[in-house]
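The values are calculated or read from the model by the stated rules, or taken from the named source; none is laboratory data. A quick note: this is a predicted structure, and the numbers were derived from the prediction, not measured. As a convention, Cβ positions derive from the backbone with ideal geometry for all residues, glycine included, and neighbour counts pool all protein chains shown.
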Amino acid sequence: MSFKFSDENLAEIEALKKRYPSPKALTLPCLWMVEYQEGFISLDAIDEIAKHTDTPPMEVYRVATFYTMFHLEPQKKMNVQVCKTLSCKLCGSDEILEHLKEKDVNIVHVECLGSCGTAPVMQIEDINYENLTTEKVDEVLKGLK
């Protein structure tokens, strides 16, 4: 199975190349494009990104595996990132985590989602859900299924 960027993404890559001093700087934007286009980042996609960014495939792979928001295989369950930093802990993230364990989701415990003032917080597909309660978690998950 080989990967090809959509025509829209190819045009976006060309537009972005004009904004950056080096094609290597497009690694993260290209990873996002693949994640949104395919739902995960295959090894074929990593090779394609490497061609467009003049970067060795292993470097693209290292970036893709460093960040929790990129997936190297199709996801069977919804990924729910839950912040584990002090602000969220103090505001009840442990209760949210326990509640999520009862749901059919993949829980990813992350260091920070950058929303300390609205803790506890979880993120699903780049959208933060803030000031969580177990009831609000249920509402969010019901709305996404």
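Only one of the numbered conditions (1) surrounded by fewer than 18 Cβ atoms within 10 Å (Cβ to Cβ); (2) touching an Asp or Glu at 6+ places or on another chain (Cβ under 8 Å); (3) in the same structural domain as GLN123 (by TED's automatic domain parsing) is violated by PHE40, and that is (3). Residue count for segment 70-90 under the criterion of being more than 20 Å from LEU141 (Cα to Cα) and touching a helix residue (DSSP H, G or I) at 6+ places or on another chain (Cβ under 9 Å): the result is 6.
In segment 55-67, what residues are part of a helix (DSSP H, G or I) and either among the polar types (S, T, N, Q) or within 20 Å of ASP126 (Cβ to Cβ) (or both)? Write out each step before concluding.
Filtering segment 55-67 down to residues part of a helix (DSSP H, G or I) leaves 57-66.
Selection gives VAL63, ALA64, THR65, PHE66.
Residues in segment 80-108 that are exposed (fewer than 13 other Cβ atoms within 10 Å of the Cβ) and either in the same structural domain as GLU35 (by TED's automatic domain parsing) or in contact with a strand residue (DSSP E or B) (Cβ under 6 Å, 6 or more places away or on another chain) (or both): 0 in all.
Of everything in segment 109-133, what is of a type in the set (Gly, Ala, Ser), more than 18 Å from the chain's Cα centre (by Cα) and surrounded by fewer than 17 Cβ atoms within 10 Å (Cβ to Cβ)? Give them in sequence order. Steps first, please.
Step one: list which residues in segment 109-133 are of a type in the set (Gly, Ala, Ser), which gives 114-115, 117, 119.
If we keep only those that are more than 18 Å from the chain's Cα centre (by Cα) as well, we get 117, 119.
Once the filter is applied, which keeps residues that are of a type in the set (Gly, Ala, Ser), more than 18 Å from the chain's Cα centre (by Cα) and surrounded by fewer than 17 Cβ atoms within 10 Å (Cβ to Cβ), segment 109-133 yields only GLY117.
None of HIS52, HIS109 is of a type outside the set (Asp, Glu), assigned to a helix (DSSP H, G or I), in contact with a Cys (Cβ under 9 Å, 6 or more places away or on another chain) and touching a residue at least 12 places away in the same chain (Cβ under 8 Å) except HIS52. Residues that are modelled with pLDDT of 95 or more, of a type in the set (Asp, Glu) and in contact with a helix residue (DSSP H, G or I) (Cβ under 7 Å, 6 or more places away or on another chain) do not occur anywhere in segment 38-46. Residues in segment 4-49 that are part of a loop (DSSP other than H, G, I, E, B), free of Cβ contacts under 8 Å to residues at least 24 places away in the same chain and under 20 Å from PHE66 (Cα atoms): 0 in all.
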